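Okay, so here's the structure we're looking at.
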Amino acid sequence: MRMSKWVIVAMLALMPAVASAQNKKVTFALNWVPEPEFGGIYEAQRGGAFAKHGVEVSIQPGGAGAPTWQLVASGKADFAVASADEVVIARSRGADVVAVFTIYQTCPQGIMVHASRGLKSIKEVFDPGGGTIAMEVGLPYGKFLQQKFGFDKVKRVSYDGGIGNFLADKMFSQQCFVFSEPLAAKKAGADPQTFLVADAGYNPYTGVIIVSRKTLRDDAKTVSAVVAGLTEGWGNYLTDPKPANEMMGKLNKTMVAETFAAAAEAQKPLIESDDTKANRLGWMTLQRWQELCKQLVDLKVVEKSPAAEECFKNPEKP
């Protein structure tokens, strides 16, 4: 028996809802609040890239010290944002987490100084008369800077997360993400200049998306679908960040639209590289992971490094 055209139209209208109901539901833990560093993730959710590839993603904002790799390792989150050095540390402790995508090709960690000092390189920050520097020296990048430049010629203080001391003292420098504190300092009337730690030789992939190897092994289709959604989401965000910025602005009212836009623009050069142009956004190489593993052993961050090839995987297209 033939169906009437109205029945067919009704069935077609219901198809997206049915497809959506069948999408695999996954949780995604962030290591900070909604800001442009997660713009492509929110865009993939907002613009339907995740849904298009068959996954329904629930994004869980984080905060300072968010234990993202522990959440994935314990099964409390399916995916999460971490850093490459955290992956190496986690695996050295027996946590079976693996990176499947990276947001930043160039690590955004930097040291912010006043441009009026006329410094030419990050080395000069640690030269005699370097003033005061605020940073978390226990982190791997801090250990790297200490090993390379020494901290005996500057006064070190704890990083408090703000820019008040920087604004008050022309000889004060501090750690930063290049698309965060420098923008806040400039908005407050200061003259920030930033030196990337990556330019000194420590450049771990940052904003890596991690998953358990069990999930990667048992549900490779979902992992590939999430990576495909991320690739599309980040591509769209780099082209037009405004829609996702507006979405994140409703979730994070501490950042104004102007800052969202400025941060999105400032991070672009860190997300794209020759590797992403040759492959896709989020691509990682074995050489970079091998170099990082060796550095973390040299810095005594880990006693024995896991095999670099076990720390990451570039999933195939779904």
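The values are calculated or read from the model by the stated rules, or taken from the named source; none is laboratory data. Predicted model only: the values in this text are computed from it and were never measured. Counting neighbours? That spans all protein chains shown, and the Cβs are built from the backbone with ideal geometry, glycine included.
For residues that are among the polar types (S, T, N, Q) and not in a loop (DSSP other than H, G, I, E, B), scanning just the range 186-210, find the one that is nearest to Ala80 (Cα to Cα).
Within the range 186-210, the subset among the polar types (S, T, N, Q) is 193-194, 203, 206.
Pick out the ones that are also not in a loop (DSSP other than H, G, I, E, B) and you get 193-194, 206.
On the way: Gln193: 31, Thr194: 28, Thr206: 12 Å.
Top of the filtered list is Thr206.
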### Task
Output the number of the condition that Val297 fails; it satisfies all remaining conditions of (1) without any contact (Cβ under 8 Å) to a residue 12 or more places away in the chain; (2) at positive phi.
(2)
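Residues in the range 163-176 that are under 22 Å from the mean Cα position of the chain (by Cα) and surrounded by 22 or more Cβ atoms within 10 Å (Cβ to Cβ): how many?
First, pick out the residues of the range 163-176 that are under 22 Å from the mean Cα position of the chain (by Cα): 163, 174-176.
Add one more test, that the residue is surrounded by 22 or more Cβ atoms within 10 Å (Cβ to Cβ), and what stays is 163, 174, 176.
Matching residues across the range 163-176 total 3.
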### Task
For the range 302-311, state whether one or more residues are outside the structural domain of Gln146 (by TED's automatic domain parsing), farther than 27 Å from Asp78 by Cβ and touching a residue at least 40 places away in the same chain (Cβ under 8 Å).
yes
### Task
Only residues that are out of contact with any strand residue (DSSP E or B) (no Cβ under 6 Å at 6 or more places or on another chain), touching a residue at least 60 places away in the same chain (Cβ under 8 Å) and under 19 Å from Trp32 (Cβ atoms): list them for the range 48-75, please.
Pro61, Ala64
### Query
Going through the range 222-235 one residue at a time, which ones are under 16 Å from Tyr104 (Cα atoms) and of a type in the set (S, T, N, Q)?
Thr231
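Mind listing just one residue for me: the one in the range 120-162 that is assigned to a loop (DSSP other than H, G, I, E, B) and surrounded by 15 or more Cβ atoms within 10 Å (Cβ to Cβ) and, of those, nearest to the chain's Cα centre (by Cα)? Full working, then the answer.
Looking only at the range 120-162, we keep the residues that are assigned to a loop (DSSP other than H, G, I, E, B), and these are 120-121, 127-131, 135-139, 150-154, 158-162.
Those still in the list that are surrounded by 15 or more Cβ atoms within 10 Å (Cβ to Cβ) too: 130-131, 135, 137, 139, 151, 154, 159.
Numbers: Gly130: 30, Gly131: 30, Met135: 19, Val137: 20, Leu139: 16, Phe151: 28, Val154: 30, Tyr159: 20 Å.
If we take residues in the range 120-162 being assigned to a loop (DSSP other than H, G, I, E, B) and surrounded by 15 or more Cβ atoms within 10 Å (Cβ to Cβ), then Leu139 is nearest to the chain's Cα centre (by Cα).
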### Task
Kindly indicate whether Phe179 is in the same structural domain as Thr68 (by TED's automatic domain parsing), under 18 Å from the mean Cα position of the chain (by Cα) and touching a residue at least 60 places away in the same chain (Cβ under 8 Å).
no
### Query
Any idea which of Gly282, Gly233 is touching a residue at least 60 places away in the same chain (Cβ under 8 Å), touching a Ser or Thr at 6+ places or on another chain (Cβ under 9 Å) and crowded, with 22+ Cβ neighbours inside 10 Å?
Gly282
## Note on the structure
Going through (1) within 20 Å of Ala64 (Cα to Cα); (2) without any contact (Cβ under 8 Å) to a residue 24 or more places away in the chain; (3) of a type in the set (D, E, K, R) one by one, Asp152 fails only at (1)
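Inside the range 278-318, can you point out the residues that are of a type in the set (Lys, Arg) and at pLDDT 95 or above? Talk me through it step by step, then tell me what you get.
So in the range 278-318, the residues of a type in the set (Lys, Arg) come out as 280, 288, 294, 300, 304, 313, 317.
Result: Arg280, Arg288, Lys294, Lys300, Lys304, Lys313.
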